[in-house]
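The values are calculated or read from the model by the stated rules, or taken from the named source; none is laboratory data. Just so it is clear, the structure is predicted and the values come from calculations on it, not from any experiment. Because the Cβ atoms are built from the backbone with ideal geometry, glycine has one as well, and the counts that use them run over all protein chains shown. In case anyone asks, the SASA skips ligands and DNA or RNA and just uses the protein heavy atoms, side chains included. Shrake-Rupley method; radii C 1.70, N 1.55, O 1.52, S 1.80 Å.
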Amino acid sequence: PGGRRMAPRSRWPWRACALAAMALLPAPVQAQEASGTAAGTAPSVSYGWLRQEREEFCRTAANQPPKLDEESDYPPQAHDEQVNAGSRTTMQSFRGEDEFLPVMRSCPLVPQPGGGSDGMCGDAFQAYASGLLMYAAPLMIGVASLFVWNICCLVALCRCCRRCCLCSERKGPRPAQIWQKGGVLIVLLTCSIAMCVSALTALGYTGEINGGMTDMLCNLFTLADETLNGSPEGPIFLGIEEGINRLTMIRRMLDVDGRAMTDVRAILDETAGFAAAMDGLLLKVEHMRRVLSIVGERKVKAHSCWFCRNALGNNATGELGLLNELVLSVQQSSAEAMRNIQKAASDTLTGKPLVEVSTSVRRGGVALENFKRGFAGTWVDSISSWLGLVRTVEDARHTGFRALCAFCVFLAAVLSNLTVYQTRRSKKKYPGSAPALVTWCAGFCAVSLALLFAGGLILACVPVSEVCHFWRYDLLTHGGISDYYQQIGLFDPTSLNGGADDLAVDVWRTCMTPEGTGDILGALQLRQRLDFQRVLHESFITLEDVNVGAVIDTAKYELLVSQAQSFGGLFVFDPDEPLPLEPNAAPKMIGSSVEPDDQEGPDGESLIYGLNTYARLIAGPGQYSFASGTAGGGTVITATTPSEEDLQGELVVRQNALYYARLKEQILTEPDVFRCDLLDSQYQVTERVCSYEEFKASVIAYAQEVRDAGVTVGEEAQRARQLVASDMQNSLRQLLAEVRALRERFRCRFIWRRWENFDFSLCNVALPGMLNAALTWMIIAGFALLLVITHYKMWRHLLDNRVVGEELERFSKKYGYLSTNK
């Protein structure tokens with residue numbers, strides 16, 4: 001499992017160049033037969049060998065991949081502001097139309113079911129390759145220079161070749177003129193300087209190419225390794241393979257007949273009494289609050305409900321209210337945490353919700369498998385079989401470039417100058433031509449190799465430039481992923497229609513597009529489905545932190561009942577705009593109640609006046625009495641009498657006092673002033689209007705029911721605590737741990753930054769280096785050719801002088817009528 005697993009060779013080796021842009025486009029090779037096993041049933045392929053390859057490739061990288069934070073957003077970098085932004089589009093701008101698109105549309109990077117696209121891929125590849133022929137001109141010129149070199153070598157070896165019409169040998173020796181010597185020196189000096197500078201420049205560019213390629217390979221393997229195998233730190237990421245395994249584990253634990261889900265259902269059944277008691281308490285409190293809100297939200301005939309205000313609280317004054325205090329105490333107790341655990345488990349891990357969650361997890365696992373197959377097939381499998389070739393070619397190129405740079409410097413600075421120096425300092429009558437021969441032969445070698453190197457770099461730059469443009473502006477965009485889903489393998493091979501796997505497409509978008517968020521669970525539509533883990537985890541933590549003592553504060557419930565019994569019917573006279581009343585009586589009238597007798601106020605200090613006192617304050621003792629009072633005597637006040645006609649001629653303050661007195665009687669006698677809604681055993685509400693006495697009785701009954709429900713909750717909570725806090729937590733511990741790991745360590749936004757580093761090292765470092773190196777090698781080839789021509793002419797001059805001169809001397813000695821020029 002830890003060994004390297006090489007993927008089968010892709011049908012077209014251009015994929016290696018298109019994806020990594022690391023080698024020239026080779027010719028198509030014979031494809032390997034596709035496997036008949038469906039991806040949905042094939043065993044998962046392990047990519048553990050990527051870790052070793054990553055360490056090996058990054059060992060020599062100049063720029064090590066930086067530590068990244070899995071929580072950061074990593075906004076996309078502005079392409080136009082990057083270094084060498086213009087160089088990466090040079091070839092694309094020169095080519096005009098993007099001829100790489102038809103190849104990408106026809107040639108999938110991931111094996112297709114049935115392999116039906118092979119014919120179209122071959123045609124598209126051949127059309128693309130034919131479009132590269134014009135860029136092979138330097139290569140062809142380099143080959144032609146080798147042919148010319150061979151001809152010149154034949155001329156050097158065979159005198160008869162030097163006597164042909166094209167290379168005619170001179171008829172006699174002649175000395176070089178001053179202007180010829182000066183011209184040779186100027187040309188050679190110029191060529192020497194230009195070649196040395198260009199060779200040193202090319203040496204810098206080959207280091208730039210090698211550094212960019214090394215960084216690119218390191219970034220590529222870092223990207224693939226962290227994506228598939230995860231990272232323990234910088235960033236913290238589970239990895240796609242681990243994510244698939246955990247989803248599979250979660251799917252097993254969510255099995256309706258599995259041990260965990262069976263235990264959950266059993267615990268929920270055993271603690272059903274607590275759940276019913278808890279829900280009943282909250283519903284009864286809410287029912288009482290609702291009725292008191294209806295009655296207390298407005299004044300009843302200029303009277304305020306004191307108990308309503310005291311039970312509900314007052315937002316303006318900050319008073320919490322008895323009922324709100326009860327609810328808050330429940331929320332802060334272990335009962336609330338246990339009930340939240342029950343609700344989360346019941347709403348998610350039972351019945352239809354459990355089936356939906358389990359189905360979503362299974363679907364997410366399939367989508368993640370498809371994403372892994374597409375990602376690995378695109379960036380790993382399609383180039384892994386070419387890694388040896390790529391490394392060999394790059395090492396050979398880098399070594400060859402450096403060797404040729406050194407050779408060019410030696411040729412221009414040493415060999416050429418030594419040839420001239422030796423020829424100039426020679427004391428022989430006919431200086432030797434061998435140094436010049438060696439120099440121009442070496443120059444031909446420099447010209448040919450420089451042209452071959454330049455042609456190879458140009459051929460590589462064209463597809464690399466187009467690939468850089470393609471994946472930046474066509475593939476890795478929101479719409480590009482769905483357009484090229486088939487090429488990058490984002491489909492379910494077991495599906496009959498062969499359409500895109502929308503969830504796998506969304507995973508690719510969230511991880512490897514500029515606008516992605518990195519939320520893999522969100523892309524798989526699982527974040528909300530698996531939110532039960534957060535609720536359960538927080539509730540278990542709360543349950544451990546809260547007081548393990550009594551769940552219910554009995555004193556607060558008893559206080560509620562006591563207040564209801566003592567002041568449930570306390571309605572105090574509190575008009576919004578009081579009518580004029582007798583000044584001495586007004587302070588006692590305002591704030592009076594509808595009870596017959598005076599009573600002690602809720603604060604234990606004040607006195608609330610009743611109906612009897614109010615009647616005496618109207619016109620003195622014995623003048624008036626309430627029909628609902630207990631004093632008697634005088635005119636009896638009812639809900640309608642004394643009427644306004646009866647009070648004609650009375651003082652206004654007295655008329656107003658009697659008006660308010662009639663309102664008090666109306667409160668006490670009218671049958672439909674209040675609400676006494678009923679809450680049945682099924683917690684269904686029946687609305688009902690009622691009288692004052694019925695309201696008082698209902699308030700007391702509400703309070704007693706809330707108290708009894710609270711006591712029941714306390715008892716049931718004590719019985720359910722062990723089951724919920726311990727047994728259920730133990731049953732769900734592994735499931736919650738697996739889900740938590742996915743929720744916290746499965747964000748992939750860092751992949752986009754890894755991709756940007758890979759893209760930058762290839763397209764903004766290696767590619768500009770290739771372009772600059774190609775131009776430099778062509779300059780070297782030009783000056784080397786001029787050097788070759790100059791030394792070739794020197795060689796012919798020296799050779800012809802020596803051969804012809806020595807021949808004439810021999811004939812002169814033999815025949816005596818020939819002479820040589822001095």
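Figures for the structure shown
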| quantity | calculated |
| --- | --- |
| Principal-axis tilt of helix 272-296 within the chain, Cα atoms, nearest 10 degrees | 60 degrees |
| Extension gain, residue 683 back to residue 429 (0.36 nm per residue minus Cα-Cα distance, nm) | 78.6 nm |
| Neighbourhood net charge (13 Å Cβ-Cβ; Lys/Arg +1, Asp/Glu -1) for residue 721 | -4 |
| Spatially proximal lysines relative to residue 427 (Cα-Cα < 18 Å; intrachain offsets below 8 disregarded) | 181, 822 |
| Environment charge at residue 369 (Cβ cut-off 12 Å; Lys +1, Arg +1, Asp -1, Glu -1) | +1 |
| Between segment 229-284 and segment 75-112, the alpha-carbon center distance in angstrom | 46 Å |
| Approximate spin-label separation residue 193-residue 392, in nm, with each point projected 7 Å along Cα-to-Cβ | 4.4 nm |
| Computed E for residue 694/residue 545 - FRET, C-beta separation, R0 60 angstrom, nearest 0.05 | 0.85 |
| Local electrostatic count, residue 181, Cβ distance below 15 Å [Lys/Arg +1, Asp/Glu -1] | +4 |
| Cross-link reach list, aspartates and glutamates versus residue 284, counting only Cα pairs under 18 Å and skipping chain neighbours closer than eight places | 325, 336, 553, 558, 677, 680, 687, 705, 708, 715, 716 |
| Anchor residue 352: lysines whose Cα lies under 19 Å away (excluding residues fewer than 8 positions away in-chain) | 343 |
| Ranked by how many other beta carbons lie within 10 Å on average, peptides 702-712, 585-595, 336-346 from highest | 336-346, 702-712, 585-595 |
| Exceeding the 26 Å Cα-Cα cut-off - candidates 301/556; 429/814; 301/696; 67/372 | 301/556 |
| Cα long-axis angle, helix 259-270 against the chain (0 to 90 degrees, to the nearest 10) | 10 degrees |
| Mean Cβ neighbour count within 10 Å, used as a protection proxy, ranking 608-617, 133-142, 504-513 highest first | 504-513, 608-617, 133-142 |
| Accessible surface of the chain [probe 1.4 Å, protein heavy atoms]: carbon and sulfur percent | 55 percent |
| Förster radius 45 Å - calculated FRET efficiency between residue 727 and residue 120, Cβ distance, rounded to 0.05 | 0.15 |
| Anisotropy class of segment 371-481 from Cα gyration tensor, a/c 1.5 cut | prolate |
| Potential lengthening between residue 531 and residue 652 on full extension [0.36 nm per residue; Cα-Cα distance subtracted] | 36.7 nm |
| Difference of contour (0.36 nm per residue) and Cα-Cα distance, residue 638 to residue 810 | 45.4 nm |
| For the chain, size of Cβ-based charge dipole, Lys and Arg +1, Asp and Glu -1, in debye | 9300 debye |
| FRET efficiency, residue 71 to residue 332 (Cβ-Cβ, R0 35 Å, nearest 0.05) | 0.65 |
| Percent RCO, i.e. relative contact order, over the chain, from Cα pairs under 8 Å lying at least 6 residues apart | 26 percent |
| Average accessible area per residue (Å²) across the chain - probe 1.4 Å, nucleic acids and ligands excluded | 46 Å² |
| Among 748, 766, 504 - extreme Cα towards positive end, dipole of the chain, charges at beta-carbon | 766 |
| Helix 240-253 axis, angle to the chain major axis (alpha carbon atoms, nearest 10°) | 30 degrees |
| Three-way shape call for the chain based on the alpha-carbon gyration tensor, with the a/c threshold at 1.5 | prolate |
| Three-way shape label, segment 228-323, alpha-carbon gyration tensor, a/c 1.5 | oblate |
| Protection-proxy order for peptides 433-441, 759-767, 227-235, 180-188, each taking the mean of Cβ atoms within 10 Å per residue, highest first | 759-767, 433-441, 227-235, 180-188 |
